[in-house]
Amino acid sequence: MAEKILEVVNLGTRFKTERGVLKAIDGVSFDVYRGEMLGIVGESGCGKSVTSQSILRLYDEKRLAVYSGEVRFEGKNLFDLSEKEMQDIRGEKISMVFQDALSSLNPVFTVGNQIMESLMIHRKISKQEAKNRAIEMLGLVGIPDPQRRFYQYPFELSGGMRQRVMIAVALACSPKVLIADEPTTALDVTIQAQIMDLIVEMNHKFDMGVMLITHDLAVVAETCKRVIVMYLGQIVEEGLVNDIFDHPAHPYTTGLMDSIPKLDSKKGERLHQIKGTVPLLNQIPTGCRFAPRCPYATDKCHEKMPELVQISPTQKVRCHRAMAHTAEEF
């Protein structure tokens, strides 16, 4: 079995706001293994990005965020480390590719300098060595003429090129874990495919664990081994990609699957949609959080929160109905 390199245990993230303390992440637990790609899916507002940024403690802990649970990496709980110790981990051992490369890259520095910065901070190498490594990384992520691109600014590059630069920055120090937070957002379909092929290639080349956060279920099906489905700050289903896609157990997962356009759909047939929207954090319902939108919800669903339970050796689900069906089968 592959080596477990990151373990998230009962993660909770609360934000202090004018409306009071809002719990964005509630009891999220999962593992990331060396060399695997783990997909995390769900609608906007379900907590995917907050989970990934909480792992790296990117929110202001003095004024905004309160974390609970554990994030274990290399035998340490990241929540027990000082800010200086976290800075040594961010970028070197756990890196992140953010959604919007244009706003993530600094507009007043060349892309080469931004790759060099990470290397000089973490590797303590000379400026010339950092420059050579930065040019090498630009070439490695498929940017043509990397020596010339090294001196260019982000605004001089296309969206796809900027995203490749972001990946080069993230991989410069050969991290053990890469968090890719919707890395193909705002890119056209052809470039999306190229960026995903690049992430898969880098996953194999560096033998790192990759957390892929995306709305695109087709991408998950093609690239990931395991998938986590999140809804309103909780994991509602988890398992191997084949299990989840062939036998989705949670009504929310089924709804996401049914929303995928099908080639054999009849002319004029409307796309399936999940009724309603994801509630605000100050309007979280009692019981199952998906119950107000679920076509199978019963009184029990509205009253009691289901636990995330194992329904097969490789699949977990948080649903009273799915658990009842599993019990009947056995």
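Every number here is computed from the coordinates shown, using simple stated rules; none is lab data. Since this is a predicted model, take the numbers as computed values, not measurements. Positions of Cβ are generated from backbone atoms using ideal geometry, with glycine treated the same way; all protein chains shown enter the neighbour counts.
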Verdict on Arg63 being exposed (fewer than 13 other Cβ atoms within 10 Å of the Cβ), of a type in the set (Lys, Arg), in contact with a helix residue (DSSP H, G or I) (Cβ under 6 Å, 6 or more places away or on another chain) and more than 19 Å from Leu178 (Cα to Cα): no
Hits in region 99-118 (condition: touching a residue at least 12 places away in the same chain (Cβ under 8 Å), under 23 Å from Ser52 (Cα atoms) and surrounded by 15 or more Cβ atoms within 10 Å (Cβ to Cβ)): Gln99, Asp100, Ala101, Ser104, Leu105, Gln114, Ile115, Ser118
Of the criteria (1) closer than 20 Å to Phe206 by Cβ; (2) touching a residue at least 12 places away in the same chain (Cβ under 8 Å), which one Asn132 fails: (2)
Qualifying residue in region 137-155 (condition: small (Gly, Ala, Ser), under 19 Å from Ile191 (Cα atoms) and either part of a helix (DSSP H, G or I) or touching a strand residue (DSSP E or B) at 6+ places or on another chain (Cβ under 7 Å) (or both)): yes
Complete set of residues in region 268-278 that are surrounded by fewer than 15 Cβ atoms within 10 Å (Cβ to Cβ) and under 30 Å from Arg14 (Cβ atoms): Lys275, Gly276, Thr277
Output for region 1-27, where each listed residue is surrounded by 16 or more Cβ atoms within 10 Å (Cβ to Cβ), of a type in the set (A, V, I, L, M) and out of contact with any helix residue (DSSP H, G or I) (no Cβ under 9 Å at 6 or more places or on another chain): Ile5
Checklist (1) outside any strand (DSSP E or B); (2) under 13 Å from the mean Cα position of the chain (by Cα); (3) buried (at least 18 other Cβ atoms within 10 Å of the Cβ) applied to Phe30, failing item: (1)
Considering residues of region 149-173 that are closer than 18 Å to Ile94 by Cβ and over 19 Å from the mean Cα position of the chain (by Cα) only, the residue surrounded by the most Cβ atoms within 10 Å (Cβ to Cβ): Ala172
All positions within region 84-122 that are over 30 Å from His215 (Cβ atoms), part of a helix (DSSP H, G or I) and not β-branched (Val, Ile, Thr): Lys84, Glu85, Gln87, Asp88, Gly112, Asn113, Met116, Glu117, Leu119, Met120, His122
Any pair with Cβ under 6 angstrom, 6 or more apart, that starts in region 67-86 at a residue that is surrounded by 13 or more Cβ atoms within 10 Å (Cβ to Cβ) and ends at one that is hydrophobic (A, V, I, L, M, F, W, C) and part of a strand (DSSP E or B): Gly69/Val9; Gly69/Leu11; Glu70/Val9; Val71/Val8; Phe73/Leu6; Leu78/Val71
Residue among Thr223, Thr214 that alone is within 25 Å of Ile94 (Cβ to Cβ), touching a residue at least 60 places away in the same chain (Cβ under 8 Å) and crowded, with 21+ Cβ neighbours inside 10 Å: Thr214
Evaluation of Glu129 against (1) part of a loop (DSSP other than H, G, I, E, B); (2) out of contact with any Lys or Arg (no Cβ under 7 Å at 6 or more places or on another chain) (one fails), failing number: (1)
Candidates Glu61, Glu7, Glu43 - the one that is part of a strand (DSSP E or B) and at negative phi: Glu7
